[in-house]
Amino acid sequence: MEYPELPIEEVPRTPSPPPEPPDSDTESFTADTTNSAASAMPCEPFPMGNLDRKLQRWNWLERDTAIQVLTLDSIDWSKQRIADYLGITRNQVRWAIARGTPTPRKPPGRVPKLIRSEADDIITFITTDEINRRLSYEKLINFLS
């Protein structure tokens with residue numbers, strides 16, 4: 001199905017004047033919100049420490065933060081004080097302390113079929129002689145087993 005082409009109208013944009021600074025020290029500075037496109041997105045990302053704790057859904061801490069948690073715990077700071085200081089939840093502090101190490105574990109996977117020394121022996125056998133380099137996989141298995 002083809003859609004008809006709609007004409008595109010260009011809207012002239014007039015530059016907005018720069019905002020004026022406040023007249024006195026007690027007056028607060030208000031941003032110009034007339035341009036809806038500019039006000040739709042914030043200029044800077046929100047710092048994580050200022051968000052409500054209930055909005056922080058993830059549990060894993062970065063390595064540096066976990067190191068900070070463990071260091072502050074070693075000088076007998078309370079879990080709540082560490083959480084407030086670093087801007088994380090108390091459960092994140094609890095998990096980091098219970099884990100004990102800041103580095104993540106290696107994920108479990110398949111156990112290798114050859115250990116490193118066996119792989120080195122095979123590589124040495126193949127590279128020592130030109131005839132060994134030309135062996136098929138079946139003949140190579142027969143030689144090595």
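Only the coordinates and a few stated rules stand behind these numbers; no lab work does. This is a predicted model, so every value here is computed, not measured. All Cβ positions, glycine included, derive from the backbone under ideal geometry; neighbour counts span all protein chains shown.
Structure summary
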| read-out | value |
| --- | --- |
| Order of SER117, SER78 under a 10 Å beta carbon neighbour criterion, fewest first | SER117, SER78 |
| Extension gain from PHE125 to LEU144, taking 0.36 nm per residue of separation minus the Cα-Cα distance | 6.0 nm |
